[in-house]
Amino acid sequence: MVYCAISGVRFPCLPSVYNTKSQSSFNGDPLCRKGLSFFSKKDPFSLKMLAGKSSYDSDSPNLAVTTSTATTTTTPTPEKVLVPPDGNASEDPLVPHDVECLTMEDNQIVEDKEKQETSTPLSESIIIGKTEAKSRSIPPPGSGQRIYEIDPSLTGFRQHLDYRYSQYKRIREEIDKYEGGLEVFSRGYEKLGFIRSETGITYREWAPGAKWAALIGDFNNWNPNADVMTQNEFGVWEVFLPNNADGSPPIPHGSRVKIRMDTPSGIKDSIPAWIKFSVQAPGEIPYNGIYYDPPEEEKYIFKHPQPKRPESLRIYEAHVGMSSTEPLINTYANFRDDVLPRIKKLGYNAVQIMAIQEHSYYASFGYHVTNYFAPCSRCGTPDDLKSLIDRAHELGLLVLMDIVHSHASNNTLDGLNMFDGTDNHYFHSGSRGHHWMWDSRLFNYGSWEVLRFLLSNARWWLDEYKFDGFRFDGVTSMMYTHHGLQMTFTGNYNEYFGYATDIDAVVYLMVVNDMIHGLFPDAVSIGEDVSGMPTFCIPVQDGGVGFDYRLHMAIADKWIELLQKKDEDWRMGDIVHTLTNRRWLEKCVSYAESHDQALVGDKTIAFWLMDKDMYDFMALDRPSTPLVDRGIALHKMIRLITMGLGGEGYLNFMGNEFGHPEWIDFPRGDQRLPTGKIIPGNNNSFDKCRRRFDLGDAEYLRYHGMQEFDRAMQHLEEIYGFMTSEHQYISRKNEGDRVIVFERGNLVFVFNFHWTNSYSDYRVGCLKPGKYKIVLDSDDPLFGGFKRLDKDAEYFSSEGWYDDRPRSFLVYAPSGG
């Protein structure tokens, strides 16, 4: 439940949640913001969230968020707000089963006004189409020393970290000296690949291992002797094709092209590494590179400015191909018209799109990339993708790209593997260049041309397609030579700063984040790192790796671990510790589940909770089962407590908001292993490779209530901005009652995870005096609940310390709400 206080005015819960008049996020209690953080100032690098001591008897399975109507103007000390009197975090674990939220209207007005007066845009340039109102530049390297002020424990690893920073500075200096700066260096697509000019087309390709090369394609009838290339001292092959006599380009738009090379591995035809589009013809196995250069009148022109980065990110993770309700590969156009409005209505402010870079193997989920500069052709053309992104911007949605720079497909026909006939072209040679678990190739980040290729690739998607940022995949694999495999990270700093760290890869990440934030100040950079490397989300200027957010991957792993137990065995303190175990000043994107948990062989949270009952008991016109009732209650609570405590951003994979049944299974045939064993396929069926959005929309199904709760949850965060508030205090983690109570921003959350017990007159500690009202109730019938709470009820605080809070109020905390 969520309570909200409004001075002298009473209104129902849902309008307060769905109110769209206020466009600014509410970042918590303005009285508690200055000088405060989630962590103790005495231990800024601690991974524990400070919480008040908990020694109480409560047994409720509900969750509650509350906000006070107090009008106090004095600023409390950090000790009273964030840190228990003894300065230690409470270890008492508690898990609630319902949620309550309270908020204070007076403070909200003050906060909104303060934000209007103090907020300034990160960049004044507005980019529409090809127009830029302001030139962009990348700041020079800083001292890299502030990380030791932020975390004094890092001084014991100064030799490693200073060496890392010196290597970063060396790369930046050499780029400035030999390439004219990072801004120029990251535009490699203007030098390599196909470059159109007034007089013709120049094609260049870096392939030092090749002994001979020629450009072939439809335009010259695939004649290898027609356009033979020459090689310079840097291993770059080049050929210039003059315009035709009538002035038309020598290669028509849409023509198939490849490069033929005589290599140490023999004669081979390859798709150009910098190709902008590639297509697999019907009935054929290999892809063909496509020369994509439509006439000016056919090129898509962006019409809408890119939205400014919001303070709190609410990300909807999506895959265009599987986004249809029908068993087929969906298109960019259909996603634009059908799915984007859905995402907006649900209350998310960003869409993260998977599988954009071309990948020959559809079932790789887009993670075995073959053509890095080409959008996936299964879903449409490059201009179709641009239209999708422009529509998202019109709706006010950021568009983040799931970019893969951690590894590449081992496909030698369509991709970079053995491109010039050598094992060490773009990748490390030998075993270091192969990821044994992913069956893919690993980049050599110490290679100059690999740096040019990857930096330019990131720049290309931001410049050409107007993506608003990236989720970098597989960063843990990049940063360590063991790739995080068969490795348990305990938090010991020796695990992060030793011989197993790939300095070249970390330096690349620093440089690419430098480029992203320097040239695109509003762009978002998220890293998928399971190791918890310190400094990961500290600016590069200060000595960090430079990401804006880390994906808090441990949370999803914890929920899967707990779901394999009876919920009676869940420990509240264990849940709270996992949700709050993050580093000071390093922001996280939390999620209860992503695409990983939805894949065949795994289970979604909803499937863990309700299993086969989801097939027969989700219709409202027939009786439910205890498993379904409990499952729906826990599904809502798990997601809200993850958003409430887990980080400064939140992510959901499409369909999981309403508990999408079953799993994702890409179409595949039978596979014969080298041992002769046959792994059965699914007859190349698309039945399990789609999203049944119709289930969430069907008001006669229980899925609809789960979807409505997720929608209310997103709108609640939009109104109150609790994820980015610096005020967070955990006042109760009661193992006996199974109750968790915490404040975040100007709200108080109450969760009752008990499987049977409901609690009347349950006392909840709070900071602010005043009147509280419910603003989100997981037991509301609209969300599949049982209406055991009066959403119009008013709750008044009383003076006196309780749960290390100066005040408290009484609530009813139902089980399973």
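The values are calculated or read from the model by the stated rules, or taken from the named source; none is laboratory data. Keep in mind it's a predicted model, so treat the numbers as computed, not measured. For neighbour counting, all protein chains shown are included, and Cβ atoms are generated from backbone atoms with ideal geometry for every residue, glycine included. In case anyone asks, the SASA skips ligands and DNA or RNA and just uses the protein heavy atoms, side chains included. Shrake-Rupley method; radii C 1.70, N 1.55, O 1.52, S 1.80 Å.
Assorted remarks:
- Share of carbon and sulfur in the accessible heavy-atom surface of region 198-291 [1.4 Å probe, %]: 52 percent
- For region 198-291, the alpha carbon convex hull comes to 108 Å³ per residue, rounded to a whole number.
- Isotropic mean projected area of the C-alpha convex hull, region 263-347 (nm²): 10.5 nm²
- Measuring with a 1.4 angstrom probe and ignoring ligands and nucleic acids, Glu297 comes out at about 150 Å² accessible.
- Values of log10 I(q)/I(0), in the order q = 0.10, 0.14 Å⁻¹, for region 331-409 under a Debye, Cα-only, solvent-free model: -0.24, -0.46
- Rg [Å, one decimal], Dmax [Å, integer] - region 502-653, C-alpha atoms: 18.8, 61
- In plain terms, the C-alpha convex hull of region 559-649 casts an average shadow of 6.9 nm² when viewed from every direction.
- For the listed residue pairs Lys211/Lys268; Lys566/Lys603; Lys587/Lys773; Lys191/Lys258, the alpha carbons are over 20 angstrom apart in Lys587/Lys773.
- When Tyr332, Tyr362 are compared by accessible surface with a 1.4 Å probe, the order from highest to lowest is Tyr362, Tyr332.
- Accessible-area ranking of Arg459, Arg432, Arg672, largest first, probe 1.4 Å: Arg672, Arg432, Arg459
- Whole-number D in µm²/s for region 313-719 (Stokes-Einstein; Kirkwood sum over Cα pairs; 20 °C, 1.002 mPa s): 97 µm²/s
- For region 624-657 versus region 767-794, the gap between their alpha-carbon centres in whole angstrom: 18 Å
- Theoretical FRET efficiency, 1/(1+(r/R0)^6), r = Cβ-Cβ of Leu782 and Ile301, R0 51 Å, to 0.05: 0.75
- DSSP-defined beta bridges in region 313-719 - what % are antiparallel, rounded to 5: 30 percent
- Euclidean distance between Cα centres, region 202-239 to region 393-457, Å: 22 Å
- Heavy-atom accessible surface of Ile171, to the nearest 10 Å², is about 20 Å², with a 1.4 Å probe and all protein chains retained.
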